[in-house]
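To start, the structure under review is shown below, and the notes come after it.
Please treat every number below as a calculation from the coordinates, not as lab data. All values derive from a computational prediction rather than experimental measurement. In this analysis, Cβ positions are derived from the backbone assuming ideal geometry, glycine residues included, and neighbour counts consider all displayed protein chains.
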Amino acid sequence: MAFTAAGTASTIYRGRNQFQGLWNDMFAVTITSANPSSIAAGAEDTQTYTIAGLALGDMVLGISFSLDVTINADIQASVSAANTLTIRISNLNGSTALDLAAGDFKVLIARPSF
């Protein structure tokens, strides 16, 4: 189902200055050999990781998983507490369990200076 109102997209900035001055601190995090549990239809699995230096308000700029998660999975990451990264995998399929093999996460986190 489409949005009721699509909204308007516009480019505020485009360039290669690497967002100088926008971040006070950045974290490039690799989580190796993560093996999510089998996720029941319509359910989710959550795992937390301790990453020294993270603070509430830090932004997860991107997350990747080394395996194909199919169109039935949604992976989200957030800084949920000081020094804590939370990764949540949701099974969007309402009738089949999602069983992912072990793989590696890469997460880019930044602390805004604004």
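Details
- More than 16 Å apart - percent of Cα-Cα pairs taken over the range 25-112: 51
- Label-reachable residues, the range 78-108, where backbone N falls under 11 Å from a point 7 Å from ASN72's Cα toward its Cβ: 91-100
- Fewest-first ranking of ILE31, ILE87, using other Cβ atoms within 10 Å as the exposure measure: ILE31, ILE87
- Cβ-to-Cβ counts within 10 Å put LEU67, LEU85 in ascending order as LEU67, LEU85, the fewest first.
- Within the range 25-112: Cβ-based charge dipole about Cα centre, in debye rounded to nearest 20 (Lys, Arg +1; Asp, Glu -1): 160
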